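Inspection log for the structure reproduced underneath, given as structure tokens.
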Amino acid sequence: MRRRPRPGILLAAALLAPLAAAEPPSGPRLELAATAAVEAVPDRVVLRLEAAAEGARREDAVAAAEDAGRALRRALAGLGETRRAVRLDRVGLSAHPLGDPRAAPPARWRATLALRLEAPPELLPRLEALLARPAGAVAVTGQEAALGPQARRAAEDAAAREAVRVLQRRAAAVACALGGYAAAPARVRIATGGPAGPGPLRALAAEGPVLAAESPVEVTVRAEGEFVLAPGGDCP
């Protein structure tokens, strides 16, 4: 008894046949790269914070620094609905002895809790007032401009479109200069600048936080392409 081929197998074979018969484009190859940058208005601000405390024992200093961090979280909870737009992350905790390092045990210890606070720029006035109380509990050590995920994607898309346009113009110009060729793209790769990153870190004055909106953030995208050259280019 002869078995009839299944319809699904026939369909798969019909779809794969053109792929198997296809050959890579032939002709001279041209590899080029282009970079484009766009400026985007930051929609996030990152504050670098430190909560420092001292104690007769290491555990006392660490506990006091942790208490300052928890007090800040409670204060942020008082922002109401806008609290959802604020993110506070723990970066790290360190402790070291003070005074004569040869003393055993050390006379006093100092602990520092590093925090990262991210918020919309419009909340900066409220955050400045909040960080001013209790005075000295949490210090602002730096401020960065940043883009949120949606703003970063929009800026990268705009930069990618411009980078591809520059790449195409450059390929067409080089192909014509090589003898009237046309350049057909065989492969294009887009490389972004990485995840949503901050702008340059700005140190703040030691006498207290002076928070302000930052300048635009630059987003850069690189386009790399491989083009196949063929006679018959539309050259000026």
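The values are calculated or read from the model by the stated rules, or taken from the named source; none is laboratory data. Computed from a predicted structure; not experimentally measured. Methodologically, a virtual Cβ is constructed for each residue, glycine included, from the backbone with ideal geometry; neighbour enumeration extends over all protein chains shown.
Consider region 134-159 and keep the residues that are more than 22 Å from Ser215 (Cα to Cα) and touching a residue at least 24 places away in the same chain (Cβ under 8 Å). The one that is surrounded by the fewest Cβ atoms within 10 Å (Cβ to Cβ) is Pro134.
All of (1) farther than 11 Å from Val46 by Cα; (2) assigned by TED's automatic domain parsing to the domain that holds Ala75; (3) not in a strand (DSSP E or B) hold for Glu156 with one exception: (2).
Considering every residue within region 122-132, establish whether at least one is within 22 Å of Glu39 (Cβ to Cβ), surrounded by 13 or more Cβ atoms within 10 Å (Cβ to Cβ) and outside the structural domain of Leu30 (by TED's automatic domain parsing). Yes, region 122-132 contains a residue that is within 22 Å of Glu39 (Cβ to Cβ), surrounded by 13 or more Cβ atoms within 10 Å (Cβ to Cβ) and outside the structural domain of Leu30 (by TED's automatic domain parsing). Among the residues here, Arg110 does not qualify as modelled with pLDDT of 90 or more, at negative phi, loosely packed, with under 15 Cβ neighbours inside 10 Å and not small (Gly, Ala, Ser). Does region 185-201 hold any residues that are farther than 15 Å from Val221 by Cβ and modelled with pLDDT of 90 or more, and which are they? Pro185, Ala186, Arg187, listed by residue number.
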